[in-house]
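K.L.:
Handing you a structure now.
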Amino acid sequence: MQIDTWLLYLLTCAGIAVVPGPNALLVLTHGALHGNRKTLFTISGGVIGFVGMIALCVLGLGALLMTSLVWLTALKIVGGLYLIWLGINLWRSEPVALSLEAIPKLSDWSLFRQGLLSAISNPKALLLFTAFITPFIDPHKNLVLQATVMALTYAVVEFAVEWLVASAAHRVRPWMARAGRRFNRVCGGFFMAFGALLPIR
C-alpha cells in the first residue's frame, strides 16, 4: 500500500471510528460505570473482533476481485449506495441516549467478552467494512500484507478513539445529549460524501 493510499485509509478509519455505533456506546457506558482502566478490557475485545472482520474482508474481497474487475466496479457502486444510505439514516437519527442504571460489577473477562461479541455480532459492521475497504485493495499485490496493514491501522485508530471516549465518559455523555444531533449530521455527511466518491475512486 502506497503512503498516499494509506493516509487516505487512515483518515477514513478515523472518520468511521468516531461514529457512535454499538461498541462506542458500550465503551461509553462501561467507562462511566467502571472507569477507563477496566474498560480497557471492553475496548480490547471490540478491537480484536474488528481486526478479525477486516482481515477476512480484505482476504475474501481480494480473492474475489482477482477473478474479475467487474466485481470491483459492482462492489464500489453497491458499497457507495450503502454508505449513502447509512449517512442519510445517521443524519436523520435522534441523539444517542445512555442509561446508567445500577448493574453488578463485571469481571475483566466479562467486559472483554461483551466488547468482542458486540463487534462480531453486528452485521452492519461487516457490511460497512466491506463497503469502505474495497477501493483500498489491490488484488495484484500481497493480500496477507494488505490485510495486516489495514487491520492493524484500524485497530490502532479504534483503540485510541475508544480509550478517549472511556476516559472522558462523564464529560462526553452530557455533550452528546446537547450536541448529538449536530454530531450525527456531521458524521452522516461524511458517510454520504465518501459513498458518493467511492464508485469513482
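Rule-based calculations on the coordinates, nothing more; no lab input. Remember, predicted model here, so these are calculated numbers, not experimental data. In this analysis, Cβ positions are derived from the backbone assuming ideal geometry, glycine residues included, and neighbour counts consider all displayed protein chains.
K.L.:
What distance in nm lies between label points placed 7 Å from Cα along the C-beta direction at T148 and L127?
P.N.:
Spacing of the two 7 Å Cα→Cβ label points: 3.3 nm.
K.L.:
Taking neighbour Cβ counts within 10 Å as the exposure measure, how do W109, W91 sort from fewest upward?
P.N.:
In order of increasing Cβ crowding within 10 Å: W109, W91.
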